[in-house]
Amino acid sequence: MMQSDKTWKYQGYFMRSSRIEDMEEYYIQGFCRQDDEGIRMTGSKNHYTKEEVTTYFQNCLHDPNRYDFLIFAPDGTMIGESVINEIDWESRSANFRIYLFSPTMRGKGIGFWAICTTRDFAFESLHLHRLSLNVFAFNEHAYKAYLKAGYREEGRLRDAIWDKTQYADDILMSILEDEWKESHNSDTQS
């Protein structure tokens with residue numbers, strides 16, 4: 001089971017590895033109350049069965065090539081997830097994704113904090129060389145947050161996304177170990 005015993009805190013919010021006892025709340029918070037904008041920004045589907053979600057959750061807990069962190073509000077309510085997945089231990093590379101379940105939690109700096117915290121964990125604790133992600137061109141807020149966190153655009157899959165109204169680019173981004181070290185050192189010296 002790939003987990004960390006670390007808990008990170010930000011203005012009362014906290015993030016930690018997922019646990020089997022989180023499964024029910026993960027289903028309720030993440031899949032029973034989905035909002036249209038969140039679905040659009042992540043390319044998710046509108047409905048998942050409880051069995052689909054619980055099977056997925058259990059599989060994630062036992063996958064040696066991923067770390068799943070859950071984000072909680074100060075009152076203990078689960079509000080999102082931040083994930084390092086598709087880890088290739090030989091090339092020291094992985095994929096990253098994040099999702100805040102409720103629109104009321106977005107735009108408060110929580111996502112940016114989780115992006116940076118998860119990125120730092122990937123390089124400091126896992127000793128990765130590369131962390132990559134995909135973001136849809138119409139998700140401008142996330143795109144800007146990734147740039148601010150040190151990710152660089154690598155390319156675009158032009159018109160690869162259809163959001164039921166228009167085509168959009170799927171933007172490929174990454175941050176490399178040396179880029180992270182450089183930005184991390186300048187952050188700590190400021």
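The values are calculated or read from the model by the stated rules, or taken from the named source; none is laboratory data. Since the model is a prediction, treat every value here as computed from it, not as a measurement. Neighbour counts are summed over all protein chains in view; Cβ atoms, including those assigned to glycine, are modelled from backbone coordinates with ideal geometry. These accessible areas exclude ligands, DNA and RNA; they are computed on the full protein's heavy atoms, side chains included. Shrake-Rupley method; radii C 1.70, N 1.55, O 1.52, S 1.80 Å.
Observations on the structure shown:
- For the chain, the solvent-accessible area of protein heavy atoms averages 54 Å² per residue (probe radius 1.4 Å; ligands and nucleic acids excluded).
- Rounded is the label for the chain, because a/c, from the alpha-carbon gyration tensor with a ≥ b ≥ c as root eigenvalues, stays below 1.5.
- GNM flexibility winner over the chain from 92, 66, 119 (Cα, springs under 10 Å): 92
- Of all accessible heavy-atom area on region 4-100, the percent that carbon and sulfur account for (1.4 Å): 48 percent
- Computed extension gain for residue 56 through residue 153, at 0.36 nm per residue and net of the alpha carbon distance, reaches 31.9 nm.
- Candidates 163, 75, 120: whichever shows maximal mean-square fluctuation once the chain is modelled as a Gaussian network with Cα springs under 10 Å: 75
- Options 143, 123, 100, ranked by Cα towards positive dipole end of region 90-190, top entry (Cβ charges): 100
- Distance between the pseudo-spin-label points of residue 86 and residue 170 (7 Å out from Cα toward the beta carbon): 0.9 nm.
- Placing +1 on the Cβ of every Lys and Arg and -1 on the Cβ of every Asp and Glu, with nothing else charged, gives the chain a dipole about its Cα centre of roughly 360 debye.
- Two-site label geometry, residue 10 and residue 25: point separation in nm, points 7 Å out along Cα→Cβ: 1.8 nm
- Set of lysines near residue 181 by C-alpha distance (under 27 Å), chain-local residues within fewer than 8 positions excluded: 6, 9, 108, 144, 148
- Choice from 111, 150, 12 showing the highest fluctuation, given a GNM over the chain with Cα pairs closer than 10 Å: 12
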